[in-house]
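The values are calculated or read from the model by the stated rules, or taken from the named source; none is laboratory data. Since the structure is predicted, the reported quantities are computational estimates derived from the model, not experimental observations. Cβ placement follows ideal geometry from the backbone for every residue including glycine, while neighbour counts extend to all protein chains displayed.
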């Protein structure tokens, strides 16, 4: 590798790579790990791909699968992982490398790993590499020759991988019973059980998300849509998310959105009330993938064949978003939602059986059509007069709130909202936020969530009003919606931090407690742990408490810090309001 003469170096490397799969001494792991390091640091360098690295890695995987004696000799057990990882690294960015890999025969050995011929650790790197191959037009067709099997394997892996990783690794109390090579690969020999568990959680999330990505590649070409759209899998898909350790992946909703671009996909998604409700919950959250939930619902509402299957569910959520202006690079989202909701309002509203749905559509029509027209023809002097009246009523509501007359305060804020001109968004934020707080104290979490969401839609940028975030986080907690509560609370902490001029920021203790509580409830392996408890109560309890106590403290601190940093779209000028807006 260090030979200065390029011709001599290339000839030597090419010849050496041909013989690597036949090495039978301890030198082999050093060679392969060295090649892995080169692939990781120089994935776009064409030298090794042009000299036979893919044939070499494919041969090594094949030998590991078919020669168990060799696999268990020296440190050869590590080699299939490194080999598949090298293939994935070199095919990550360049289509020419991917074509070369396919021509070199990497698909069959990668599929063997995907089938579970070794363990979840090798499945992770295999599906990573296959996902890269599936993402290029030139290499998709060779992989599609195994379409039914690949799609089925990816679906099964996405559904079962968390339970597999928990039962085979995280849930194993005695560290000595864990596979040593798994521990070494996870930690690179540095760190104890806490590091192992934290990395295992990260890898398990990646395994699930990369499985979904592979399915995305087929669904985007409208391949295997009917297979992917099995109702049970769609339900599971709607609950899959990257988690706090894999925040860059949209998880299941990314695939659901792709499915919603096809007729068959929309028909199947609309059949499941459970899936539609999960999309609605996402659309009304501060999750980074909120816009995807909104996109899915709009696609379903715009299709006349699915519109009336979902409108009664979606309306009760989307009505809270009609004053949302922009979200990321999407403009006038509230207007788009309004048009989708009131498209046939005059003809259909009276036909809806649900009174709440009729009322929500009437409110949408009144707020976005009728009141807007009135405000447009009202002179500025009258609008300012209304503003003064609103301020007076709000002050009365604030007084009622402070003396404990919560129901009266709620009525005052409602009265003020009915008068307040639509253009006065700042005043409307405060009124909605205060009314949300009243609803929370009156133990009406649904109304509190609705009002807090409206305040957050009016804020600029969206989802940046501290009091509303905290109120909604508490309301979600009352309803047992841990994930939504956690996201709001993390963003609330972010606003707190960014609103302070000095560097010494004290995060509210009550927010830390809420985050800690919800992180336990949203732990990636929670369902797997509960399943283990149900099967082996005594043993599983012992295992789960051990794994929980060993990971939770470290994960809490690290993931909380990461999430706060990732909410970078919040302006640094935001100011934290008092516990009740004035």
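Counting only residues that are farther than 16 Å from residue 89 by Cβ and crowded, with 20+ Cβ neighbours inside 10 Å, the range 28-51 holds 1 of them.
Quick grid of which residues meet (1) under 20 Å from residue 207 (Cβ atoms); (2) outside any helix (DSSP H, G or I):
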residue	(1), (2)
241	yes, yes
245	yes, yes
248	yes, yes
269	no, no
276	no, no
279	no, no
282	no, no
286	no, yes
292	no, no
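Taken over the range 138-159, the criterion of being in a helix (DSSP H, G or I) and farther than 13 Å from residue 114 by Cβ is satisfied by 138, 139, 140, 141, 142, 144, 147, 148, 159. Inspect all residues belonging to the range 438-449 and state whether any of them is under 28 Å from residue 289 (Cβ atoms), in contact (Cβ under 8 Å) with a residue 40 or more places away in the chain, under 27 Å from the mean Cα position of the chain (by Cα) and assigned to a helix (DSSP H, G or I). So far as the range 438-449 goes, yes, one or more of its residues are under 28 Å from residue 289 (Cβ atoms), in contact (Cβ under 8 Å) with a residue 40 or more places away in the chain, under 27 Å from the mean Cα position of the chain (by Cα) and assigned to a helix (DSSP H, G or I). No other residue among 410, 422 is surrounded by 12 or more Cβ atoms within 10 Å (Cβ to Cβ) and in a helix (DSSP H, G or I) apart from 410.
So is residue 511 buried (at least 16 other Cβ atoms within 10 Å of the Cβ), touching a residue at least 24 places away in the same chain (Cβ under 8 Å) and under 29 Å from residue 368 (Cβ atoms) or not? No: the conditions fail for residue 511.
Within the range 500-519, the set of residues being modelled with pLDDT under 90 and touching a helix residue (DSSP H, G or I) at 6+ places or on another chain (Cβ under 7 Å) comprises 505, 507, 508. Of all residue pairs spaced 6 or more apart or on separate chains, those with beta-carbon atoms under 6 Å, a first member in the range 364-387 that is closer than 12 Å to residue 421 by Cα and a second member that is part of a helix (DSSP H, G or I) are 368/338; 386/419. Can you spot a residue in the range 323-332 that is over 24 Å from residue 424 (Cβ atoms), free of Cβ contacts under 8 Å to residues at least 12 places away in the same chain, surrounded by fewer than 19 Cβ atoms within 10 Å (Cβ to Cβ) and out of contact with any helix residue (DSSP H, G or I) (no Cβ under 6 Å at 6 or more places or on another chain)? Within the range 323-332, one or more residues are over 24 Å from residue 424 (Cβ atoms), free of Cβ contacts under 8 Å to residues at least 12 places away in the same chain, surrounded by fewer than 19 Cβ atoms within 10 Å (Cβ to Cβ) and out of contact with any helix residue (DSSP H, G or I) (no Cβ under 6 Å at 6 or more places or on another chain).
Only residues that are part of a helix (DSSP H, G or I) and exposed (fewer than 14 other Cβ atoms within 10 Å of the Cβ) were counted across the range 346-361, and they come to 6.
May I ask you to verify whether residue 467 is surrounded by 15 or more Cβ atoms within 10 Å (Cβ to Cβ), at positive phi, at pLDDT 95 or above and touching a helix residue (DSSP H, G or I) at 6+ places or on another chain (Cβ under 6 Å)? So residue 467 fails the test.
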